[in-house]
Amino acid sequence: MDLLTKVDIPKSSISIGYNSRLMFVGSCFADNIGRQFLDAKFRCLVNPSGVVYNPLSIRRTIDNIVDRKTYYADDFFFDGNSYCCYDFHSSFARNDLAQSIALANQSVINSRKFIEHADVLFITLGTAYVYFLAVNPAQPVCNCHKQKPDTFVRRLISVDETADALTAIVSKLSSFNPNLKTVFTVSPIRHWKDGAHGNRLSKSTLHLGIEQVFRKFEGCEYFPSYEILEDELRDYRFYAEDMLHPSPLAEKIIWERLRDTYINKVCQSQIPRVQKLIQAARHRIIDQNSPATKDFCKKNLEIAHRLETEIQGLDLSDEKKHFKNLCI
């Protein structure tokens, strides 16, 4: 007897391998999934300007990258400690304005180079509530940097606004990189400060907006992260202590479903071998100069070289450097 209703995932046309280039943009759930790929040594770019939760801010992020926006001093404000930009996470903020500007512009350049040759873009939508600058209500904010509430106007955008933003993203990327495949997903994280009803309205707006995009573009796909947690797992044991975020077990289950959907079978068989080497590289060395340590590192250095030779696109430079340094 099945004690759950499993969410069916349609067969995908996407086939990810170690030679694939993957980009993740969106909510903190995009960070979680992107981290799973990074930990398995896939070539990834994850939220290059920081976490972004809503369709309008994600569109702004993509536009800035593709259009190669150049940032100047006027794009930053001083919060009393650092120079911040509403398009970037606080990790880009510095107490020197020139450094903040340089970091922002370098991020745009690097991201543009990556996405120009990327194979798959995963867009994770977290909420349809958007913060706009009060002095410029047409400008959505990617990060509020803990400024006073009256600095912003916050509202729930419409289904049409959501669809227009997502349509614009796909249209622009299709022209910039015709080979890029786009996968949308809705984050299963619940935004409870809007209440149960507000959270449902927000998530429903995102789902309906995505559906309108699918009517216009054939190359897009949807991965049911939200549905797997809400309809398949549907138990509080799959939530973290705050009862809002997925637990590590839930994240693992969703990652495995995503892996089985998009990563090709050959690559799936290679991942455990790569992960075994990574675990060896993270092994705690007690005596660096012992013969056993030297043998351990020499053996794994040879394995790393062999894996790179056998698996096209795999980069184990960091692990090889680690073992080589310990062999000296």
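Computed over the range 34-175, the range of Cα coordinates on each principal axis works out to 40, 37, 28 Å, biggest value leading. With unit charges on the beta carbon (Lys/Arg positive, Asp/Glu negative), name the residue among ILE65, ASN81, PHE92 whose Cα is farthest towards the positive pole of the charge dipole of the range 54-99. Of the options given, the answer is ILE65. The slack between ALA196 and GLU211, meaning 0.36 nm per residue of separation minus the straight C-alpha distance, is 3.1 nm. Principal axis analysis of the Cα atoms in the range 125-164 yields extents of 29, 20, 12 Å, listed in decreasing size. Scalar couplings 3J(HN,Hα) for the range 20-35, obtained by applying the Karplus form with A = 6.51, B = -1.76, C = 1.60 to θ = phi - 60°, are 7, 10, 10, 10, 10, 9, x, 6, 5, 5, 4, 4, 5, 5, x, 5 Hz; x denotes Gly and Pro.
If a spin label sat at a point 7 angstrom from the Cα of ARG282 along the line to its beta carbon, the backbone N atoms of the range 7-41 nearer than 13 Å would be those of 35-41.
Based on the Kirkwood radius over alpha-carbon pairs, what is the Stokes-Einstein translational diffusion coefficient of the range 103-251 at 20 °C with 1.002 mPa s viscosity, in µm²/s? The estimated diffusion coefficient comes to 124 µm²/s. Convex hull volume of the C-alpha atoms in the range 234-274, normalised per residue: 81 Å³. For TYR131, the residues 5 or more places off, or on other chains, whose built amide H falls under 5 Å of its own are VAL141. Counting 0.36 nm for each residue step from ARG273 to LYS172 and taking away their Cα separation leaves a gain of 32.6 nm. Taken along the Cα-to-beta-carbon direction at a fixed 7 Å, the label points for GLN312 and LEU249 span 4.1 nm.
Take the Cα of LYS146, step 7 Å toward its Cβ, do the same at ALA73, and the gap between the two points is 2.7 nm.
The share of C-alpha pairs in the range 101-171 whose separation exceeds 19 Å stands at 53 percent. Over the range 50-165, Cα pairs under 8 Å with separation of 6+ residues give a relative contact order of 32 percent.
Using a ≥ b ≥ c from the Cα gyration tensor of the range 152-220 (square roots of the eigenvalues), is it rounded, prolate or oblate, where a/c under 1.5 gives rounded and otherwise the larger of a/b and b/c decides, a/b for prolate? Prolate, since a/c reaches 1.5 and a/b exceeds b/c. Of all DSSP beta bridges confined to the chain, the antiparallel ones make up roughly 35%. Computing FRET efficiency as 1/(1 + (r/R0)^6) for ASP63 and LEU38, where r is the C-beta to C-beta distance and R0 is 25 Å, gives about 0.50. Dividing the C-alpha radius of gyration of the range 73-133 by 2.2 N^0.38 Å, with N its residue count, gives 1.35. As a ratio to 2.2 N^0.38 Å, the alpha-carbon radius of gyration for the range 208-280 is 1.42.
Rg then Dmax, both in Å and based on the Cα atoms of the range 178-328: 21.7, 63. Here the contact order of the chain, divided by its residue count and restricted to Cα pairs under 8 Å and six or more residues apart, works out to 20 percent.
For the pair ALA292 and LYS321, the difference between a 0.36 nm per residue extended length and the Cα-Cα distance amounts to 8.6 nm. Surface composition of the range 94-150: carbon plus sulfur atoms contribute 52% of the solvent-accessible area (1.4 Å probe, protein chains only, all chains present).
Can you give the percent of C-alpha pairs in the chain whose distance is more than 37 Å? Value for the chain: 24 percent of Cα pairs lie more than 37 Å apart. In the assembled protein chains, ASP150 presents an accessible area of approximately 120 Å² (probe radius 1.4 Å). Note on LYS298: lysines with a C-alpha under 22 Å away, same-chain residues under 8 apart excluded, are LYS41, LYS276, LYS320, LYS321, LYS324.
Where in the range 244-275 is the amide nitrogen less than 20 Å from a point lying 7 Å along the Cα-to-Cβ axis of LYS11? The answer is 257-269, whose backbone nitrogens lie closer than 20 Å to the label point. For LEU45, nonlocal amide neighbours, meaning residues 5 or more places apart or on other chains whose placed amide H falls under 5 Å from its own, are LEU22, MET23, PHE24.
Excluding residues fewer than 8 places away in the same chain, name every one of the lysines whose C-alpha is closer than 22 Å to that of LYS11. Straight-line reach from LYS11, under 22 Å: LYS181, LYS216, LYS252, LYS265.
Remark: the range 174-328 carries 57 Å² of accessible area per residue (probe radius 1.4 Å; ligands, DNA and RNA excluded).
The values are calculated or read from the model by the stated rules, or taken from the named source; none is laboratory data. On a predicted model such as this, the values are computed, not experimentally measured, just so you know. Note: ideal-geometry Cβ built from the backbone for every residue, glycine included; neighbour counts use all protein chains shown. Protein only, heavy atoms only, side chains kept; ligands, DNA and RNA dropped before computing areas. Shrake-Rupley method; radii C 1.70, N 1.55, O 1.52, S 1.80 Å.
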